[in-house]
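Peer 1: Sharing a structure, written as structure tokens. Questions coming.
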Amino acid sequence: MIHLTWSVALAVSLFAQEPKEGAVFDLGGRTATVKKVDVLPYVDSVYSKRFKYDSHDNPKLKELREKYKLDEVVATGKDEFDRQVLLNDWVHRQFKKFGAPTAKPKGALEILKCVEEGHTFFCAHYADTLISAAASLGWVDRPLCLRMNQGNAKGGSSEHSVTEIWSNQYRKWVMLDPTANMHITKDGIPLDAVEIRTEWFYHEGKDLTLVIGKERKKYRKADLPIFLGRFANFGDLTVADDELGKYGFIGYVTNTNIMDARPGDGDIGFIVKDKLCDNTRWHERLYPANPAVDPYFPIGQASVSLSVEDGRIKVALRTMTPNFKEYRVQIDGGGWKPSGDHFPWALRPGSNRIEARAVNQFGVEGPISTLEVETTK
């Protein structure tokens, strides 16, 4: 397993600040004014520190990727999120029997082997498989445990397992449910679990679109239940009309190294809940004060800070990128080049633009950070 990796230039960071639009830097006779900031911040919190991630060097990831030809599975995707949806669809279609598990495999390789042998599995195994399949391709996907906040489900379990994948394309966490082969959007933007929860419980789900499969079939609340398939000895698998009620409690499991997790590693690290949950007891854990923000720290970013030293601007980069490899920087559209985590920025009179991104050891590029600065002559 691997912890979050970060890079920081200590000598610069002591004096550096994350720039804001309108900020002015004195360059000793010249001034530099920040005109544009489009940068994901570096967030180091009690929640981000709890997570452990799978390692690029894990031979099981390489075996999973190669044995099941996962590069080919996602090859036709037109962009990163489309490739992630294709992977979610692939995982969903691997499972031939749904219901109470008939084997106790550990991790995606063992689960898929047992599937081939004819065993039955349920939602947690779908999620575990997607998490490791995503990790093998260089994406971070984390497990979530859901539970209804009141009463019992009308049919089936009151609990469910889904995942949240980090989308460099959307610069946010996005819920993927491999059991339902589903993600959920509002105004065309895929949502994380807390956003889904908020829309369902506080806005009656009226603006949600449930998107099923690689075909992107779209459904609204009025279309529930959505039929997914019929399984022997189980019956119909559906997205039930009260399915999103399972987002009443959201539990975050803080490890993604599912194939090698030790006993206890899979425990829920913290839980989102509110007054809707007052009459229902579940696990007692840490509860974020700001559930729409605290669990949703960005990763894969190249956070940019600026400082002034001897009349020159210095740039410092930081990132929380599992399996971090390097930064790449582009100045004034001059082409992307590998970069260290701090360097001087030679500003010319007039408009200046710098772009930065982090890259992990799988070759996956993080979101682009952009700064534009106007300098006087």
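The values are calculated or read from the model by the stated rules, or taken from the named source; none is laboratory data. Note that the structure is a prediction, hence the values are computed from the model and not measured. Heads up, the Cβs are rebuilt from the backbone with ideal geometry, glycines too, and the neighbour counts pull from every protein chain shown. For accessibility, only protein heavy atoms count, side chains too; no ligands or nucleic acids. Shrake-Rupley method; radii C 1.70, N 1.55, O 1.52, S 1.80 Å.
Peer 1: Among (1) 64; (2) 47; (3) 52, find the value of percent of Cα pairs over 27 Å apart that was calculated from the structure presented, and write down its label.
Peer 2: For percent of Cα pairs over 27 Å apart, the calculated option is (3).
Peer 1: Would you compute, from DSSP H runs of 4+ residues alone, the mean residue ellipticity of the chain at 222 nm, taking -39500 (n - 2.57) per run and dividing by the full residue count, rounded to the nearest 500?
Peer 2: Computed mean residue ellipticity for the chain: -5000 deg cm²/dmol.
Peer 1: Separate question: Where does each of 126-137, 28-39, 222-233, 182-193 land if you order them by average Cβ count within 10 Å, highest first?
Peer 2: Ranking the peptides 126-137, 28-39, 222-233, 182-193 by packing returns 126-137, 182-193, 28-39, 222-233.
Peer 1: Dipole size in debye (nearest 20) for the chain around its Cα centre, Lys and Arg Cβ +1, Asp and Glu Cβ -1?
Peer 2: Here the size comes out at about 200 debye.
Peer 1: Please list, in chain and number order, the residues 5+ apart from Lys35 or on another chain whose amide H is under 5 Å from its amide H, with Hs placed from the backbone.
Peer 2: Gly22, Glu372, Val373, Glu374
Peer 1: Any idea of the accessible area per residue across segment 271-377, 1.4 Å probe, to the nearest Å²?
Peer 2: Details: 4880 Å² over 107 residues.
With the other protein chains kept in place, segment 271-377 gives 46 Å² per residue.
Peer 1: Another question about this same structure. Which FRET efficiency value, to the nearest 0.05, do you get for Phe231 and Ala153 by plugging their Cβ-Cβ distance into 1/(1 + (r/R0)^6) with R0 = 22 Å?
Peer 2: 0.80
Peer 1: Counting other C-beta atoms within 10 Å, and keeping those with at most 11, which DSSP coil GluC sites (Glu not before Pro) do you find in segment 53-152?
Peer 2: Within segment 53-152, the qualifying GluC sites (Glu not before Pro) (loop, at most 11 other Cβ atoms within 10 Å) are Glu117.
Peer 1: OK, next. Which residues in segment 297-311 have a backbone N closer than 16 Å to a point placed 7 Å from the Cα of Asp38 along the Cα-to-Cβ line?
Peer 2: 301-304
Peer 1: Could the peptides 293-300, 200-207 be put in order, highest first, of the mean number of other beta-carbon atoms found within 10 Å of their residues?
Peer 2: 293-300, 200-207
Peer 1: Which value, in debye to the nearest 20, gives the size of the charge dipole of segment 54-102 about its Cα centre, when Lys and Arg are +1 and Asp and Glu are -1 at the Cβ?
Peer 2: So the dipole magnitude of segment 54-102 works out to roughly 360 debye.
Peer 1: Hey, what's segment 139-209 come to in accessible area per residue, 1.4 Å probe, Å²?
Peer 2: Roughly 33 Å² per residue, with all protein chains present.
Peer 1: Further question: Taking amide H atoms as placed 1.01 Å from N in the peptide plane, list the residues 5 or more away in sequence, or in a different chain, whose amide H sits under 5 Å from that of Lys273.
Peer 2: none
Peer 1: Can I ask one more? What residues qualify as long-range amide H neighbours of Ser167, i.e. H under 5 Å apart, gap of 5 or more or another chain, H built at 1.01 Å from N?
Peer 2: Placed amide hydrogens put Lys172, Trp173, Val174 under 5 Å from Ser167.
Peer 1: Further question: Quick one: 3J(HN,Hα) in Hz for segment 32-38, Karplus 6.51/-1.76/1.60 with θ = phi - 60°, rounded, Gly and Pro as x.
Peer 2: 10, 10, 6, 9, 8, 10, 9
Peer 1: How much net charge surrounds Met148 when only other residues with a Cβ under 12 Å from its Cβ are counted (Lys, Arg +1; Asp, Glu -1)?
Peer 2: Spelling it out: positives minus negatives among the neighbours equals +2.
Peer 1: Taking a ≥ b ≥ c as the square roots of the eigenvalues of the Cα gyration tensor of segment 244-326, is the shape rounded (a/c under 1.5), prolate (a/b larger than b/c) or oblate?
Peer 2: Values: a/c = 3.86, a/b = 1.90, b/c = 2.03.
Note, shape of segment 244-326 comes out oblate.
Peer 1: Considering only the other residues whose Cβ falls under 9 Å of the Cβ of Gln301, what net charge follows from Lys and Arg at +1 and Asp and Glu at -1?
Peer 2: Cβ neighbours under 9 Å give a net charge of +3.
Peer 1: For segment 99-144, give the magnitude of the charge dipole about the Cα centre (Cβ charges: +1 Lys/Arg, -1 Asp/Glu; no others), in debye to the nearest 20.
Peer 2: Once rounded to the nearest 20, the dipole reads 120 debye.
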